[in-house]
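Enquirer: Could you have a look at this structure, given as structure tokens, before my questions?
No value in this document is a laboratory result; all are computed from the given coordinates. In this text the structure is predicted, and so the values were computed from the model without any measurement. When we count neighbours, we look across all protein chains shown, and the Cβ atoms used for this are built from the backbone with ideal geometry, even at glycine.
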Amino acid sequence: MRKTRLWIPAGCFVAATAMLLLAQPSNRHPGLYEATSTMTFQQSPFPAGMQMPANSPFGGGPHTSQVCVTQEMIDRYDGAPPQSRGDCRMSNMNRTANGMTADWTCTGQMDGSGKVTTSWTGDGTSNTKVHFTGTMHMGQRAMPVEWTMESTSVFKGADCGSVKPIPMPAQ
């Protein structure tokens, strides 16, 4: 059960980070992007005093990850494909010349909704904020959860090096 408590929010974190990369303008360049994110719980599902590992994406400090974006991803999704864990989906996406907003809805072990707001610049940098409120189901127990994630994504270069692209979802 303890692992479930850790993996549900971790899955949401991964999905939200992928949304950050998805929400880039269509003049994206294929290559390596670095996303630095900080997740803050306004209402934590974790027991009081529970220590998160230092490398945990929701441990209170910044978490940095690298993503390889291919031309196929740009052609199909304007960036990295949306990764969904725990049946979370984006809807009502509204793009502007320098940003985007969308709704974020999850069902299953984590039920709830949130809002995604992203702004970007022409140099390949973007800033994203995701705010989510819902309920996490752990067996017969349901725990309220509320979190905010703030991220910055930066284009690092055309060569992804050893970073492999994330799998493309089936069409």
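Enquirer: Apply the Karplus curve 6.51 cos²θ - 1.76 cosθ + 1.60, θ = phi - 60°, to the phi angles in the stretch 136-150 and return the couplings in whole Hz, x for Gly and Pro.
Expert: With the stated coefficients, the stretch 136-150 comes to 9, 9, 10, x, 7, 8, 10, 10, x, 9, 8, 8, 10, 10, 10 Hz.
Enquirer: OK, next. If you rank Val69, Val163, Val116 by fewest surrounding Cβ atoms within 10 Å, what's the result? Could the numbers behind the result be given before it?
Expert: Values: Val69 27, Val163 17, Val116 23.
With the sparsest Cβ surroundings first, the list reads Val163, Val116, Val69.
Enquirer: If you don't mind, there's one more thing I want to ask. Order of Met90, Met138, Met149 from fewest to most other C-beta atoms within 10 Å?
Expert: Met138, Met90, Met149
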